[in-house]
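As structure tokens, the structure follows; a few thoughts come after it.
The values are calculated or read from the model by the stated rules, or taken from the named source; none is laboratory data. Bear in mind the structure is a predicted one, so any value in this text is a computation, not a measurement. Cβ placement follows ideal geometry from the backbone for every residue including glycine, while neighbour counts extend to all protein chains displayed. For accessibility, only protein heavy atoms count, side chains too; no ligands or nucleic acids. Shrake-Rupley method; radii C 1.70, N 1.55, O 1.52, S 1.80 Å.
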Amino acid sequence: MRAIWKGAVSFGLVSIGVKLYSATEEKDIRFHQVHRDDGGRIRYKRTCSVCGEEVSYDDIAKGYDLGGGEMVILTDADFADLPLTSSRAIDVLEFVPAEQVDPILYNKAYFLEPEGTATKPYVLLRDALADSERVAIVKVALRQREQLATLRVRDGVLLLNTMLWPDEVRTPDFGFLDEDLKVRPPELAMAASLIDSMAGEFQPDAFTDDYRAALQEVIDAKVEGREVVQPAEEEAAPAAAVDLMAALKASVERARVARGETPSGGAGEPTPISSARSAKQAAKKTAGRTTAKKTTEKKTEPAKKTAAKKTTEKKATKTPAKKTAAKKAAPRRSA
């Protein structure tokens, strides 16, 4: 890892020299925009919308849009007098219980490494912080911005979590919050039962990014010139259930079956899932009988037609013979 910042943790009269490292990294697969025909990279030029000329970085300033086409232009000199500390210090403000910090405030995470002879005071702060079961609230200037942050211990290392300011967190404003919705106790109890049936210990390594793995497979196949195997299609999500209790019961049973437990209904009492399976099997049997009946009827109809045809032919053969015999038996008239 490469240090992205150097400074000191100011802890009372103690100063602890530290290096800052990014504690996380995104594993997203990145692409370049290229020309479809020849693979050439697509480049963008910085051009002025007024004069149309290409602008170098040295001639670029920051502009604050006032609206209505008006713009306030700020240069480096305007930023120089702002009260942004340049002391490269992480100032500890107070120590608070960890549960009092809302996780929504957390932004980015950084590891702190002791620098030079600061190892002993670093370890002292780390151990004292771990024993207190509190986190340190600090202020630090990173990337031309003053930020609120916390210091806590993770895997034997001090971890700096930058935080959002309170006015950067939005307040939810949704219509259903003003509605008087009543949840029945049986529904709440069944929902609690579903939560219990799906309870477990969080193991981050048990979860994977299936989309990224499939995308990497496509890229590897392109490189190796082989056929891409399509992944098996997942079962379609069930439609929205009209009966909430039935859906909750079915979900509880499915969760128990997935965990290898015996369904709550047992072998004798039907449940929404077992009833659905029985209905499905009955429908299959009925469909099989109907198909067999139709097959028998199809086989019988040609036989009937053949028999009827033979009877007709037989009658047709006998009729001329009778007419001939009658003609011979009739007396001839004398001339």
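Points worth noting:
- Qualifying residue in the range 92-105 (condition: within 28 Å of Asp209 (Cα to Cα) and part of a loop (DSSP other than H, G, I, E, B)): yes
- Residues (open to solvent by less than 60 Å² (accessible area, probe 1.4 Å) and of a type in the set (A, V, I, L, M)) located in the range 1-44: Ala3, Ala8, Val9, Ile16, Val18, Leu20, Ala23, Ile29
- Scope the range 1-51; condition aliphatic (A, V, I, L, M), closer than 22 Å to Leu124 by Cα, at pLDDT below 90 and assigned to a strand (DSSP E or B); matching residues: Val14
- The range 212-224 residues that are in a helix (DSSP H, G or I), paired with ones that are open to solvent by 60 Å² or more (accessible area, probe 1.4 Å) and of a type in the set (Asp, Glu) (beta carbon under 9 Å, 6 or more apart): Arg212/Asp28; Ala221/Glu227
- Beta carbons closer than 9 Å, at least 6 apart along the sequence or on distinct chains, pair a first residue in the range 44-66 that is free of Cβ contacts under 8 Å to residues at least 24 places away in the same chain and within 23 Å of His32 (Cα to Cα) with a second that is among the small types (Gly, Ala, Ser) and open to solvent by less than 80 Å² (accessible area, probe 1.4 Å) for Arg46/Ser56.
- Selection status of Tyr110, outside any loop (DSSP other than H, G, I, E, B) and hydroxyl-bearing (Ser, Thr, Tyr): yes
- Top-ranked residue of the range 114-161 - restricted to ones that are more than 30 Å from Asp78 (Cβ to Cβ), surrounded by 15 or more Cβ atoms within 10 Å (Cβ to Cβ) and of a type in the set (D, E, K, R), ranked as farthest from the chain's Cα centre (by Cα): Glu115
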